[in-house]
Amino acid sequence: MTIRFNAGIPQAPLLPSKARLATWQEIQAQHLKKLPEAFHTATSALGHYKASDHQLADFNDANRVFTVATIASLGSLDSPQPGAPLPLWLGAGSWLGAMALTPRIINGAIYLKTGVNLNAQYLSSNGVIRPLFQDPGYMPLQVLPEAKRQQLMQRLGIPLDNPDRESLLQERLKQIAVQAHTWWMLMAGFATPVFASTLSDIIENPAKSLYSWLRAKTVESLSLKPALQSKNPQRIIAALEKTIRQTIGSGSETTMLARWWKRLPTDVMRTLQLQHVVDGQFLKASEQERFERIAQHLYQQLHNESVRNALVAQLGKDEAATAMEGPSFMSALGRIFAPLEKALEQAGHLLPHEARLKAQYELDLQKLSAQATLKHLRELAELFENDGDMAPDVLMDRLKECLEKPVLPYIEQLVREGRLTKATEVMGSEEQVEAVMNLFRSGRFKLAFLDMGAAPKEFFLQAMESLALRHRWTMGYRNLLLAFMGISTAIFVAFFVGRQFKSSDGEG
Amino acid sequence: MYQAMGMVSGMPPSMPLQGRSLNWGPMPFEPPQVPVYPAYTPYNPLPNPPVSINQAIAQYQDLQRRRKEIPEDRLLDYTFLDKILQGFKTTFVTVPKTVWKGLKGEKDFTFADAMLVAKVPYYIGGAVLALSPFVGGNKAEGVRWTAAMLLYLLGSSSANFLINTAYRLRYGVDLTKMYRSKTGQIEHVYISSDFPRFDLLGPEEYQRLEKKLGVPEDVYEPDGAIREQLRRIIPSSRTLKLILANLCSAIGAGYIARSPAWTEVSDGLSKLSSVWKEPASTLSVLQKVEATLRSIAGAFRPVFENRFKMMDAEPWQRLVVYGWLAAIAASVGYVFLRGLPKKHYSSTGVSPLAQYALQHPQAPFQQILYPNLSAESFLTRGGRYQ
């Protein structure tokens, strides 16, 4: 046994300890044990009046997770639509993930510089797993293998012939651990919101797809199959209605279309470089001023042939996307229930294929509306393609005219209120109003919708206001904060971690 | 441990321990000194307000001198105002100093310092969350986020206050009692379940707790019985506080702050400026203050009506509100009805160990435990420290 020295004094030999570094599997298993352990702590403290400080600290950690989950649950109860709480829960999960991610990044940078793995955890003789560097007053470094300690001494520049090598190593590691912990605490306030929003953005779309798929599968297996096996007509009908409502409502083409609608403004704005129009003054300007700015910007951009080509290519892709066929779930459903439809018809209920047709019809209307919007946007490109050499004033007027194409909800409202003159004014020609009215009267909504998508003006104004309001924080300040945190962490780790400072008492 | 000490003094480990406890020779280490007489001197570092600048300087110098002179940990008898001022000092002086110490990684950085630095994310994160919607230009969302942050803090602090008050009323234990350590840190006496600072409590504190905790006066070693009960109160009260504080914070940030009526609050508060801009002749100052309070209450009323008016509330709202009230009632009920186990103390004044020792005078462990006392002195000593 080697004799250990502390400040030149030989130390009593240590009793062999069972403590050692914990393996990855043990650490993960420890995470699984946290919930039952928290429950045990609560019952033990309230029932038997016994709990140690470590138990209470772990209970506090578990309780924080519980708080985040409670906040997300209360938000879920507050939003009545199915599927609406999903972003809340994603946000809650991202928040916890961001809290765990921040120290990993800082510790990773410190590992690169000093070779010290501050994430290490040890398994104590009591069988409890603790972070090795959590308490600066108690770091049981003997759990590190001898070779690792020697390597750290070499890396940290502790001379070989120093009799106090072990205590010097302890001091240096304590300094590094304290510095890392303090820096983590300073960064956590910025990093947790920023990382949480970034993580949410990354996982939102995949999580929504997964959620829809799981919902469809769950309804099919929990509701449809038992109903079919029970051979009870009432139950079958209820299960069918539920299936159709839920799968069409959240699962398939409607969701894809909704997602496409959400993505479209960003894509188009990026193609036309419209995000540069949004600055600090955008929200203070009136609607007319905003429109003027957009028109000016488009006037400059659309003279450029490459921008026009990019726009046309983008719109072509979007048209293909809106004309897509949904997943074959509906047809599969039809095949499953074909034998049942006859019985249902005899019972006098809405048949599954009728319900499907109704949903399909609504979906078609939405698709047509989307395609009409794309058509309006395409006209912009065509205007500059064909009549680009017109006089500037005239071209500008045509551009504005093109941007102010009628917007569906507005016209519909005008017609419902009986303000046909105003509707005629907005739409431009009496014949067009009459044609649309005829289509509505005869119930041919599809054709009416074909003419009336969102006007480009409304489309751009809404998208840019939303960008200015909602995304300015996420797009501008988030990147700024990320850059600030990254640069300051790099500087801190490179120049300050492990450095010997002169203390204020002059002790060195 | 005893075996290890036997090895140090050169005895073969195979020999029995019995009858050799007094022949150990020099002790290999100093046993820990447990202070018998607690250093109990109430000390208030915030003096009376000075009347002149010279007096202020003198008071400040005196304060610094006294602080340096204090050799031990002292209990603090802070008033409510003192506690608030201490909180400000901790936030704006002690925490930045500790952070600077931690950034340099100084040798005397303790676990208590790490706990202090762990408050920083709450300050910065709260400010980032509350301000970011305002920076993005979304005022309505900003009001709501700020409300969520404040309600989170309000929830946890009011739950702590409730449980502390309940324990103070029921058992007379002031769980917020603080001491100043010799290194200058302000810490709670009853914060640790494993190492509570009973050594700081004075004799009058023990006398007061004796009645409140229902410990008979003639029981053997009443201070030990009191400490035993306090050791039960600390973990159970802390657990109760953690549960209730997290629940109240969640209700504040997840339920009250989600009210749609927060958007109207700024409109309601904008009436305040008109109250104070009126010509002085129309309203007296008192009336202005009254109108101010009235409009503040009117601004916040829709929010709380929306969340707590159960007449036309949805079922889930009733579940949340009544569940929350039930949790509060259950916590207070726990303190008053089941805060401590009922103990049946034997009032003979002699410890069970001493009774056993009297019956078995040749038992070796008496000498191990009490080498300086004869068996009879257990009776004469009477339990309490003289």
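Okay, here's what the table says:
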{"item": "Cβ crowding within 10 Å averaged over residues, with B:247-258, A:93-104 ranked highest first", "result": "B:247-258, A:93-104"}
{"item": "Average partner coverage of B:144-156, which counts Cβ from other chains inside 10 Å", "result": "0"}
{"item": "Inter-chain Cβ neighbour average for residues A:47-57, partner chain, 10 Å", "result": "5"}
{"item": "Least to most buried among A:27, B:163 (fewest other Cβ within 10 Å first)", "result": "A:27, B:163"}
{"item": "From phi via Karplus (6.51, -1.76, 1.60), per-residue ³J(HN,Hα) for the range A:209-220 in Hz, x at Gly/Pro", "result": "4, 4, 4, 4, 4, 5, 4, 4, 5, 5, 4, 4"}
{"item": "Packing-based exposure ordering (other Cβ within 10 Å, fewest first) of B:345, A:138, B:220", "result": "A:138, B:345, B:220"}
{"item": "√(5λ) per eigenvalue of the Cα gyration tensor, the range A:54-202, largest first, Å", "result": "39, 17, 11"}
{"item": "Burial ordering of B:93, A:178, fewest other beta-carbon atoms within 10 Å first", "result": "B:93, A:178"}
{"item": "Residue A:50 long-range amide H proximity, modeled H, under 5 Å", "result": "A:45"}
{"item": "Peptide A:131-141 - average C-beta neighbours from other chains (10 Å radius)", "result": "2"}
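Rule-based calculations on the coordinates, nothing more; no lab input. Computed from a predicted structure; not experimentally measured. Neighbour counts run over all protein chains shown; Cβ positions are idealised from the backbone, glycine included.
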